[in-house]
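Undergrad: Quick one: this structure, given as structure tokens, is what I'll be asking you about.
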Amino acid sequence: MSRERTPRVAVIGGGASGMMAALAAAEQEADVLLLERQNRLGRKLAATGNGRCNLTNRNAAAAHYHGESSSFCAPVLEKMGVEPTLQRFLDMGLLTVEEADGRIYPLTDHANSVVDVLRFSLDAAGVEVRCGSVVERLEKADKGFSLHLGGETFRADRVIVACGGIAGGKLGGVRDGYRLLESCGHHCTKLHPALVQLKTEGTLTRGLKGVRTQALVHVLRDGHVSAEERGEVQFTEYGLSGPAIFSVSREAVQKGESTIALDLFPELSTDELHGLLQHRVETRPKLCMEDLFTGMLQNRLGRVLVSAAGISGSLPLGEAGDQLWKLAKRAKRFAFPVAGDLGFDQAQVTSGGIRTSEFDPHTMESRVCPGLYACGEVLDIDGDCGGYNLQWAWSSGWIAGMNAGKGTVKC
Ligand SMILES: Cc1cc2nc3c(=O)[nH]c(=O)nc-3n(C[C@H](O)[C@H](O)[C@H](O)COP(=O)(O)OP(=O)(O)OC[C@H]3O[C@@H](n4cnc5c(N)ncnc54)[C@H](O)[C@@H]3O)c2cc1C
């Protein structure tokens with residue numbers, strides 16, 4: 001005679017989506033085992049948002065996500081959107097604050113607070129957590145699954161793969177998730193680094209290393225603007241970084257040759273900027289060209305702009321002549337040919353992943369292998385810069401956990 005019991009759910013990966021999935025499965029009264037390969041939970045999560053964790057964005061909606069079929073995330077975000085996510089975190093004891101562009105951070109300004117409340121909740125929910133546990137192989141068994149780790153094997157009725165992507169290698173980004181899901185019949189799309197710093201040609205940015213500025217960033221391809229973003233840009237030794245650059249990095253690299261053009265004065269037309277420069281020349285004719293932009297741009301940026309235009313910094317402003325037009329135009333279109341990106345290790349997210357058409361967005365269950373679920377970055381969904389990737393991890397993790405934890409198992 002068969003008897004019924006609650007399902008044993010194994011979650012592979014103790015990052016953002018895996019912790020959320022484990023909590024949701026435990027809420028369904030499943031017996032939950034959370035396996036994490038690193039020696040602590042949420043290692044990448046603790047480094048997000050420069051250590052502040054931009055945990056979601058008020059504007060999270062399918063339009064902010066990418067993938068072969070980005071509409072896959074619409075029902076997921078509908079079921080578990082920003083409000084219920086914030087309510088869950090509030091229930092866990094996390095206070096949050098909203099900043100510009102709908103970005104939401106913990107009030108403490110510390111990503112570790114997010115990891116901590118998740119850890120405490122897992123403990124309170126009775127989830128068995130095993131860190132330092134690398135799942136090497138996943139096998140569909142007669143009833144459920146076998147998970148092989150080094151010398152140990154675990155059995156589970158249902159498995160949630162929440163292994164993340166390969167971005168942020170130093171924080172634990174690995175290929176395991178793709179491999180484990182492929183071994184169960186799934187397919188992976190081409191992987192690219194996304195939200196990543198750009199390498200630019202030439203040495204211009206080297207002299208500007210450390211300078212930050214607000215700019216309107218254009219991606220130019222074949223003379224046309226193929227993407228634009230307004231925000232902070234940082235100059236680095238090898239090229240360009242900062243939130244506005246992250247946002248256009250996919251467009252700048254994945255579609256072939258491009259140039260990044262920075263408009264350093266997006267509020268002014270070229271005529272208006274020229275007028276300002278002309279006024280400086282007329283009122284301060286004894287200053288030199290290297291001071292032309294003083295008070296308008298960071299000094300170092302102003303000087304590099306002048307020297308990059310082939311103009312001597314020691315030339316008195318009174319002798320500037322028609323160089324002002326040249327400089328006004330350059331400041332409105334400070335161009336850097338793109339030489340590539342800094343790769344997966346430096347990227348914040350992986351674009352591409354396991355095909356979403358092989359999963360049901362209402363449950364996150366595999367259509368190929370019943371009882372198997374996936375969530376987070378391992379799937380072919382990646383979000384814009386600004387908290388969207390973590391919201392995807394929370395939403396998809398929650399739905400996977402709710403469904404994997406549901407119901408009874410006959411044995
Ligand atoms: C530097 C940086 C900053 C970021 N900042 C932000 C931000 O501010 N806001 C935002 O929205 N997004 C941010 N992101 C992106 C965000 O962190 C990820 O999209 C998100 O963490 C993905 O969640 P996940 O659960 O899918 O994967 P992860 O959080 O990467 O978790 C996967 C876990 O699975 C474990 N694992 C892998 N293989 C195995 C295995 N075989 N066995 C057991 N465990 C395994 C890994 O060790 C890891 O802990 C940032 C990323 C980086 C790298």
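Undergrad: So which of Glu136, Glu78 ends up being among the acidic types (Asp, Glu), over 19 Å from Ile12 (Cβ atoms) and open to solvent by 30 Å² or more (accessible area, probe 1.4 Å)?
TA: After applying the criteria, what remains is Glu78.
Undergrad: For the range 3-35, name all the residues that are open to solvent by 10 Å² or more (accessible area, probe 1.4 Å) and more than 6 Å from the ligand (Cβ to nearest atom).
TA: Arg3, Glu4, Arg5, Thr6, Arg8, Leu23, Ala26, Glu27, Gln28, Glu29, Ala30, Asp31 - these are the residues of the range 3-35 that are open to solvent by 10 Å² or more (accessible area, probe 1.4 Å) and more than 6 Å from the ligand (Cβ to nearest atom).
Undergrad: Of the residues in the range 12-60, how many are within 21 Å of Met402 (Cα to Cα) and out of contact with any Gly (no Cβ under 8 Å at 6 or more places or on another chain)?
TA: Within the range 12-60, residues that are within 21 Å of Met402 (Cα to Cα) and out of contact with any Gly (no Cβ under 8 Å at 6 or more places or on another chain) number 2.
Undergrad: Which members of the range 178-204 meet the condition of being in a helix (DSSP H, G or I) and either near the ligand (Cβ under 10 Å from one of its atoms) or modelled with pLDDT of 95 or more (or both)?
TA: Tyr178, Arg179, Leu180, Leu181, Glu182
Undergrad: Have a look at Asp142, Asp109, Asp123 and point out the one that is assigned to a loop (DSSP other than H, G, I, E, B) and free of Cβ contacts under 8 Å to residues at least 40 places away in the same chain.
TA: Exactly one of Asp142, Asp109, Asp123 is assigned to a loop (DSSP other than H, G, I, E, B) and free of Cβ contacts under 8 Å to residues at least 40 places away in the same chain, namely Asp142.
Undergrad: Also, quick follow-up: What are the residues in the range 44-77 that are within 11 Å of the ligand (Cβ to nearest atom) and in a helix (DSSP H, G or I), if any?
TA: Leu45, Ala46, Ala47, Thr48, Gly49, Asn50, Gly51, His64
Undergrad: Quick one: which of Lys170, Lys199, Lys143 is over 20 Å from the mean Cα position of the chain (by Cα) and either of a type in the set (D, E, K, R) or within 22 Å of Ala25 (Cβ to Cβ) (or both)?
TA: Lys143
Undergrad: Let me ask something else. List the number of the failed condition for Thr259; all other conditions in (1) open to solvent by 20 Å² or more (accessible area, probe 1.4 Å); (2) under 30 Å from Ala374 (Cα atoms) hold.
TA: Against the list (1) open to solvent by 20 Å² or more (accessible area, probe 1.4 Å); (2) under 30 Å from Ala374 (Cα atoms), Thr259 comes up short only on (2).
Undergrad: For the range 36-43, indicate whether the set of residues that are open to solvent by 30 Å² or more (accessible area, probe 1.4 Å), in a loop (DSSP other than H, G, I, E, B) and of a type in the set (S, T, N, Q) is non-empty.
TA: yes
Undergrad: Checking the condition within 22 Å of the chain's Cα centre (by Cα), crowded, with 21+ Cβ neighbours inside 10 Å and not in a loop (DSSP other than H, G, I, E, B), which residue from Val253, Val304 passes?
TA: Exactly one of Val253, Val304 is within 22 Å of the chain's Cα centre (by Cα), crowded, with 21+ Cβ neighbours inside 10 Å and not in a loop (DSSP other than H, G, I, E, B), namely Val253.
Yes/no per residue for (1) among the basic types (Lys, Arg); (2) more than 14 Å from the ligand (Cβ to nearest atom):
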| site | (1), (2) |
| --- | --- |
| Ser113 | no, no |
| Phe120 | no, yes |
| Val135 | no, no |
| Asp157 | no, yes |
| Lys170 | yes, no |
| Asp176 | no, no |
| Arg206 | yes, yes |
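The values are calculated or read from the model by the stated rules, or taken from the named source; none is laboratory data. Bear in mind that the values here come from a model prediction, so they are computed numbers and not experimental data. In this analysis, Cβ positions are derived from the backbone assuming ideal geometry, glycine residues included, and neighbour counts consider all displayed protein chains. For accessibility, only protein heavy atoms count, side chains too; no ligands or nucleic acids. Shrake-Rupley method; radii C 1.70, N 1.55, O 1.52, S 1.80 Å.
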